[in-house]
């Protein structure tokens, strides 16, 4: 792979990522975007379960090793001994069975930060059970607040459990431990469980619920799709738009722009009036296509956005202005985030192919044949 120079804030940091799916490679991508040198240890093609694709491998190097061979074990051990941190997303005990558990490196690389991301965590009754994003979110209680009355709960695939609750909390844990290791001279193990991360992210809901400001009954909670001012509404063309006019001044502007001046804005949270008013708002929105509502409401203080497809989102003027997406080899990729005032992040690029840097890395390790 052609290395793209970066002066990102993590420049000089060496990360070893054990190839996997979901949160582990996404965490590696985030760190690579920020300038870290991330090396992915891939298995031979016959043993791979799923290629994570170009975007998640961008900015990384890739070495393919058979860990059942002496050369493979010597190479991966040498890589980890040179690393600042390791990322792995296997079930508990897998790395130990491979002979690569954290205890192996306590003497040879005492500052190593060993990052582990799983759904259920490294311990607990479910630690060794299979699961996926939807299961972890369900167990935290968060899935229960993603439903409409009379309908099954639903949520966007992979975003809440895998990426937010797993990868982002792993990245936070890794960087926190790396910062601490500069003072202590010692590494430590990060146990990033998706069920823990999603549970932590529900802190605001629990806080509101504890003060009586989060009713469990959907008909009294505007977040739960029952109000006339916070939800998705269908347009004349079958497309959807979103309204989020929670604050009184935004709600008043929404009523004005929807030509509902006869509605008392002071009665916004009188839930007895919600069903009838919601029907009126829905009828207003249903009268025009999505594009007309964009013309009328986008950029105003009614808290509005159209529901766009992934392809459409890349072409929206706001996303274009911020450079939020790139098209690499004809395929869309999201751009690196967040932005820094001085540090330059890696641009979107085609990701390395599995094993593309094997020979070069083996030479660097003094193990080339």
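The values are calculated or read from the model by the stated rules, or taken from the named source; none is laboratory data. Worth saying up front: this structure is predicted, and the values here are computed from it rather than measured. Note that we place each Cβ from the backbone using ideal geometry, even for glycine, and neighbour counts take in every protein chain shown.
Mind telling me which of the residues 344, 292 ends up being at pLDDT below 95, out of contact with any strand residue (DSSP E or B) (no Cβ under 8 Å at 6 or more places or on another chain) and surrounded by 12 or more Cβ atoms within 10 Å (Cβ to Cβ)?
Every option except 344 fails the conditions.
Confirm whether residue 172 is under 18 Å from the mean Cα position of the chain (by Cα), in the same structural domain as residue 88 (by TED's automatic domain parsing), without any contact (Cβ under 8 Å) to a residue 12 or more places away in the chain and within 24 Å of residue 337 (Cβ to Cβ).
Values: under 18 Å from the mean Cα position of the chain (by Cα): yes; in the same structural domain as residue 88 (by TED's automatic domain parsing): yes; without any contact (Cβ under 8 Å) to a residue 12 or more places away in the chain: yes; within 24 Å of residue 337 (Cβ to Cβ): yes.
Yes: the conditions hold for residue 172.
What's the number of the condition residue 351 fails, among (1) surrounded by fewer than 16 Cβ atoms within 10 Å (Cβ to Cβ); (2) in a loop (DSSP other than H, G, I, E, B)?
(1)
Considering only residues that are at pLDDT below 95 and surrounded by 13 or more Cβ atoms within 10 Å (Cβ to Cβ), look in the stretch 299-331 and name the one that is farthest from residue 230 (Cα to Cα).
328
Before we move on, is residue 28 in contact with a strand residue (DSSP E or B) (Cβ under 6 Å, 6 or more places away or on another chain) and either outside the structural domain of residue 335 (by TED's automatic domain parsing) or crowded, with 23+ Cβ neighbours inside 10 Å (or both)?
Considered against the rule, which asks whether it is in contact with a strand residue (DSSP E or B) (Cβ under 6 Å, 6 or more places away or on another chain) and either outside the structural domain of residue 335 (by TED's automatic domain parsing) or crowded, with 23+ Cβ neighbours inside 10 Å (or both), residue 28 comes out as yes.
Considering (1) farther than 27 Å from residue 301 by Cβ; (2) in a strand (DSSP E or B), say which one residue 231 fails and leave the rest.
With respect to (1) farther than 27 Å from residue 301 by Cβ; (2) in a strand (DSSP E or B), residue 231 is out only on (1).
Among (1) in contact with a helix residue (DSSP H, G or I) (Cβ under 7 Å, 6 or more places away or on another chain); (2) in contact (Cβ under 8 Å) with a residue 12 or more places away in the chain; (3) not assigned by TED's automatic domain parsing to the domain that holds residue 19, there is one condition residue 323 misses while meeting the rest; what is its number?
With respect to (1) in contact with a helix residue (DSSP H, G or I) (Cβ under 7 Å, 6 or more places away or on another chain); (2) in contact (Cβ under 8 Å) with a residue 12 or more places away in the chain; (3) not assigned by TED's automatic domain parsing to the domain that holds residue 19, residue 323 is out only on (1).
With the requirement that a residue be free of Cβ contacts under 8 Å to residues at least 24 places away in the same chain and assigned to a helix (DSSP H, G or I), what does the stretch 136-148 give you?
138, 143, 144
Among the residues of the stretch 226-238 satisfying the criterion of being touching a helix residue (DSSP H, G or I) at 6+ places or on another chain (Cβ under 7 Å) and buried (at least 18 other Cβ atoms within 10 Å of the Cβ), which is modelled with the lowest pLDDT?
226
Residue by residue through the stretch 201-220, note down the ones that are surrounded by 14 or more Cβ atoms within 10 Å (Cβ to Cβ) and within 25 Å of the chain's Cα centre (by Cα).
Residues satisfying the conditions are 201, 202, 205, 208.
Would you check which residues across the stretch 156-184 are buried (at least 17 other Cβ atoms within 10 Å of the Cβ) and part of a loop (DSSP other than H, G, I, E, B) and list them?
Selection gives 158 alone.
Check 74, 116, 91, 97 and return the single one that is within 30 Å of residue 366 (Cβ to Cβ), at pLDDT 95 or above, under 22 Å from the mean Cα position of the chain (by Cα) and in the same structural domain as residue 41 (by TED's automatic domain parsing).
116
Assigned to a helix (DSSP H, G or I) and exposed (fewer than 14 other Cβ atoms within 10 Å of the Cβ): does that describe residue 151?
Considered against the rule, which asks whether it is assigned to a helix (DSSP H, G or I) and exposed (fewer than 14 other Cβ atoms within 10 Å of the Cβ), residue 151 comes out as no.
Every residue, every condition in (1) more than 23 Å from residue 59 (Cβ to Cβ); (2) not in a loop (DSSP other than H, G, I, E, B), yes or no:
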| site | (1), (2) |
| --- | --- |
| 280 | yes, yes |
| 284 | yes, yes |
| 293 | yes, yes |
| 302 | yes, no |
| 313 | no, yes |
| 333 | no, yes |
| 347 | no, no |
